[in-house]
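*Asks:* Starting off with a structure, shown below.
Each value in this text was obtained by applying a stated rule to the coordinates, not by laboratory testing. It should be emphasised that the depicted structure is a prediction, and the values quoted were computed from it without experimental measurement. We place every Cβ from the backbone using ideal geometry, glycine too, and count neighbours over all the protein chains shown.
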Amino acid sequence: MRFSGVLKLAIVGVVTLPLVACGDRGLFSNSATGREGVLPEADRAPTERRSTVFDLFRNNDDPNITLKVNKYLWNASLDVLNFMPVQAADPFTGTISMGYGRPRGGGAAYRATVYITDPALDARSLRVSLQGSGGRPVSIETQRAVEDAILSRARQLRIRDTKL
């Protein structure tokens with residue numbers, strides 16, 4: 001055999017040996033056949049399915065539950081706080097971050113972060129954090145008034161949609 005033939009055989013062996021050894025019943029399994037101790041299909045405990053690279057390209061999400069944010073609270077938050085510029089909005093986590101803005105007829109500038117935690121149209125689903133200029137916290141009464149305004153607007157939007 002010529003040297004180039006031996007070299008080709010060695011390269012093929014080096015490339016295929018790791019692939020053969022990686023399998024569950026590959027070159028280095030516990031038994032010669034790889035079948036020792038294997039239970040029949042009906043007696044096996046259910047195992048988790050392994051993830052592969054191809055799982056990245058599959059759409060495994062249920063389209064009915066991908067967004068867990070109440071659309072009425074989301075739109076009402078944008079309506080009530082329309083005097084503030086939106087800096088970041090993520091409908092998948094339910095977070096709206098707004099920059100400083102002055103309400104009509106008001107002198108102080110505010111910024112807000114709205115967090116919608118649940119798909120229910122409920123007061124527990126809404127959290128509003130307000131800050132005044134310079135990062136000073138706003139009084140709890142002002143914060144509750146903004147939350148109440150958002151909830152009222154959300155209810156109005158829902159009633160309007162049911163009249164269609």
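*Asks:* Set the Förster distance to 30 Å, then compute FRET efficiency between Tyr100 and Gln156 from the Cβ-Cβ distance, nearest 0.05.
*Replies:* 0.65
*Asks:* How long is the gain from Val86 to Thr52 if the chain were fully straight, where each residue apart is worth 0.36 nm and the alpha carbon distance is subtracted?
*Replies:* 8.4 nm
*Asks:* Quick one: order Tyr110, Tyr115 by neighbouring beta-carbon count within 10 Å, fewest to most.
*Replies:* Ranking Tyr110, Tyr115 by Cβ neighbours within 10 Å, fewest first, gives Tyr115, Tyr110.
*Asks:* Relative contact order for segment 71-162: what is it in percent, counting Cα pairs under 8 Å that are at least 6 residues apart?
*Replies:* It comes to 27 percent, rounded to a whole number.
*Asks:* I would also like to ask the following. May I ask you to compute the full-extension gain from Ser133 to Ile11, defined as 0.36 nm times their residue separation minus their alpha-carbon distance, rounded to one decimal in nm?
*Replies:* Gain on stretching Ser133 to Ile11: 37.0 nm.
*Asks:* Ok, one more. For Lys71, Lys8, Lys163, what's the fewest-to-most ordering of other Cβ within 10 Å of each Cβ?
*Replies:* Least crowded to most crowded, the residues run Lys163, Lys8, Lys71.
*Asks:* Would you list Thr52, Thr117 from fewest to most Cβ contacts within 10 Å?
*Replies:* So the ranking, lowest neighbour count to highest, is Thr52, Thr117.
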